[in-house]
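The values are calculated or read from the model by the stated rules, or taken from the named source; none is laboratory data. Here the structure is a predicted model, which is why all the values come from computation and not from measurement. Note that we place each Cβ from the backbone using ideal geometry, even for glycine, and neighbour counts take in every protein chain shown.
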Amino acid sequence: MARADRPALTPAASGGPPSAGSARRAVEAVWRIESARIVGALARYTGDLDLAEDVAQEALAEALVTWAREGAPASPVGWLLATARRRAIDSFRRRSALDERYAMLAGQLAEGETSSGAAPPRDRSDELPWDPDRVDDDVLALMFVACHPVLSPEARVSLTLRAVGGLTSEEIARAFLVPVPTVQARITRAKKTIAAAKVPFELPPAEQRRERLGGVLSVLYVIFTEGSTATAGESLLRPDVAYEAVRLARMLAALLPDEPEVSGLLALFELTAARFPARTGPDGEAVLLADQDRRLWDRSAIRRGLAALDRASAGGRGLGPYGLQAAIAACHASASSVPETDWERVVLLYEALGRVAPSPVVELNRAVAIAMADGPQQALSIVDELVAADRLSGSYLLPSVRGELLARLGRTAEARAELGLAARLCRNTRERSVLLRKAAELA
């Protein structure tokens, strides 16, 4: 929802003040939409990501009280920024009246300073501009800082969801099925690491930006993957997590329209998320691709995904790893059924993906496509090579695929054993139920 469409807080019809509930809804709406821009602008202003987030949270708390009493201001974002800026000045003043950054934020002491203390800093509200030409850089810089290579992968994911996505520690913990203190510790360590490494809050130079963009994309990919197929728990999907990754990818694509892999990643997200409505049944059970009602697929998301894929292809540099995965997803999106899918093209795309981004998962998926295009025997040879090389050890994916191929070849007892092993390794209740059901049907 655009800022102009935000529901304004107004006094009740009876003439009474706005309610605390309506104030909370207004604050949550503004934060959900604008959190990255707010934190980004404050981080640029203070040069301290940790402080920027702290004063932003303080401003939100103050808004809950003030907006419930007086109604939302004409510019909610500007109000939050001005309030947070004052909190930042107070913080630096407490640290030291002579601190260099305090001098930058609060201005020079008045000439008429008395022995009772420093005069209040002059109003510098206009020095934290809400400039559309600058806020895009702020958001982009925030993404690059949150995904900085000095951080561990887990810390990058947590900090991105917190600083860029505006999610609480509780929401992140719930999404990844880890304790809240674990998430809080990761975020705290990440901020300390960034401060210790003296990571500047600014866009990296152009040559470094391209190098580090891959890290940003990989973080968004991890977030979306967890949302599209949860690694553990009672739910197959975590749509709120996946759609947050889609939102961030759209934001990144708008900021970097000339980067093909950004468009490729967005295309992959849109085309994959389009199938969400058909992937689970009424009780949350998993519905396999062959059994999905394709009329439930989100055609608007498919159109958006195909358009993003066209943009990724238009650069003339060829598709990267995310673009190739999006092209595979497009083959599924354009087919009326599993048998009607262009499996030969899918095989070729997986072969290309294996050359630019080789991994055992890509090889396993190529085997599945070959099984659909040419039969299970050749595919089983590829899977057996992965087994012999001890690749994907501990993953349920390998025995799951091997069990399917053995079943198609009539080797029922072996297939049951493989599917049983896959079920024991699988941590997601819904997927485990599918594997157990397949094994039982073979019995």
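The number of residues in the stretch 58-89 being in contact (Cβ under 8 Å) with a residue 60 or more places away in the chain and more than 18 Å from Asp138 (Cβ to Cβ) comes to 2. Quick one: which helices (runs of 4 or more DSSP H) lie wholly within the stretch 236-308 and hold at least 3 residues that are at pLDDT below 90? In the stretch 236-308, the matching helices (runs of 4 or more DSSP H) lie at 239-255.
Condition test on Arg174, is it touching a residue at least 12 places away in the same chain (Cβ under 8 Å) and crowded, with 16+ Cβ neighbours inside 10 Å?
Answer is no for this residue.
Does Tyr243 fit the bill of being in contact (Cβ under 8 Å) with a residue 24 or more places away in the chain, in contact with a Gly (Cβ under 9 Å, 6 or more places away or on another chain) and not assigned by TED's automatic domain parsing to the domain that holds Glu170? No, not satisfied. In the set (1) surrounded by fewer than 16 Cβ atoms within 10 Å (Cβ to Cβ); (2) of a type in the set (S, T, N, Q); (3) assigned by TED's automatic domain parsing to the domain that holds Gln325, Thr182 fails one condition alone, (3). Against the criterion of being within 20 Å of Leu349 (Cα to Cα) and in contact with a Leu (Cβ under 8 Å, 6 or more places away or on another chain), Leu248 does not qualify.
On the given criteria, is Phe201 in contact (Cβ under 8 Å) with a residue 12 or more places away in the chain, of a type in the set (A, V, I, L, M, F, W, C), assigned by TED's automatic domain parsing to the domain that holds Ala141 and in contact with a Gly (Cβ under 7 Å, 6 or more places away or on another chain)?
So Phe201 fits the description; yes.
Scan the stretch 304-343 for residues that are more than 19 Å from Ser228 (Cα to Cα) and not hydrophobic (A, V, I, L, M, F, W, C) and the total you get is 15. Determine whether the stretch 347-356 contains at least one residue that is at pLDDT 95 or above and not in a helix (DSSP H, G or I). Checking the stretch 347-356: not a single residue is at pLDDT 95 or above and not in a helix (DSSP H, G or I).
Any idea which of Ser336, Ser381, Ser300, Ser393 is of a type in the set (S, T, N, Q) and either closer than 30 Å to Ala254 by Cβ or in contact with a Leu (Cβ under 6 Å, 6 or more places away or on another chain) (or both)? Let's see the steps before the verdict.
Values: Ser336 fails: either closer than 30 Å to Ala254 by Cβ or in contact with a Leu (Cβ under 6 Å, 6 or more places away or on another chain) (or both); Ser381 fails: either closer than 30 Å to Ala254 by Cβ or in contact with a Leu (Cβ under 6 Å, 6 or more places away or on another chain) (or both); Ser393 fails: either closer than 30 Å to Ala254 by Cβ or in contact with a Leu (Cβ under 6 Å, 6 or more places away or on another chain) (or both).
Going through Ser336, Ser381, Ser300, Ser393 in turn, the sole match is Ser300.
For the stretch 254-268, a residue qualifies if it is farther than 19 Å from Glu211 by Cβ, surrounded by fewer than 20 Cβ atoms within 10 Å (Cβ to Cβ) and of a type in the set (A, V, I, L, M), and exactly one does: Ala254.
Mind telling me which of the residues Ala326, Ala290, Ala312 ends up being touching a residue at least 40 places away in the same chain (Cβ under 8 Å), aliphatic (A, V, I, L, M), over 30 Å from Ser433 (Cβ atoms) and outside the structural domain of Val219 (by TED's automatic domain parsing)?
Working: Ala326 fails: over 30 Å from Ser433 (Cβ atoms); Ala290 fails: over 30 Å from Ser433 (Cβ atoms).
Ala312 is the lone residue from the list that is touching a residue at least 40 places away in the same chain (Cβ under 8 Å), aliphatic (A, V, I, L, M), over 30 Å from Ser433 (Cβ atoms) and outside the structural domain of Val219 (by TED's automatic domain parsing).
From the list Arg391, Arg402, which one is among the basic types (Lys, Arg), crowded, with 21+ Cβ neighbours inside 10 Å and without any contact (Cβ under 8 Å) to a residue 40 or more places away in the chain? Checking each option against the conditions leaves just Arg402.
Quick one: in the stretch 179-235, of everything that is part of a loop (DSSP other than H, G, I, E, B) and of a type in the set (S, T, N, Q), which residue is farthest from the chain's Cα centre (by Cα)? Explain how you work it out, then say what you get.
Keep residues of the stretch 179-235 that are part of a loop (DSSP other than H, G, I, E, B), which gives 179, 197-205, 229-232, 234-235.
Of the ones still in play, those that are also of a type in the set (S, T, N, Q) are 229, 231, 235.
On the way: Thr229: 14, Thr231: 16, Ser235: 18 Å.
The qualifying residue farthest from the chain's Cα centre (by Cα) is Ser235.
Checking Gly316, Gly323 one by one, the residue that is buried (at least 19 other Cβ atoms within 10 Å of the Cβ) and out of contact with any Phe, Trp or Tyr (no Cβ under 7 Å at 6 or more places or on another chain) is Gly323 and no other. In the stretch 32-57, the residues that are among the acidic types (Asp, Glu) form Cβ pairs under 8 Å with partners that are assigned to a helix (DSSP H, G or I) and modelled with pLDDT under 85, at six or more places apart or across chains, as follows: Glu34/Arg3; Asp54/Ser91. If we scan the stretch 333-343, do we find a residue that is under 23 Å from the mean Cα position of the chain (by Cα), surrounded by 14 or more Cβ atoms within 10 Å (Cβ to Cβ) and not assigned by TED's automatic domain parsing to the domain that holds Phe224? Within the stretch 333-343, one or more residues are under 23 Å from the mean Cα position of the chain (by Cα), surrounded by 14 or more Cβ atoms within 10 Å (Cβ to Cβ) and not assigned by TED's automatic domain parsing to the domain that holds Phe224.
Looking only at the stretch 48-62, residues that are farther than 17 Å from Thr188 by Cα and surrounded by fewer than 21 Cβ atoms within 10 Å (Cβ to Cβ) come to 4 in all.
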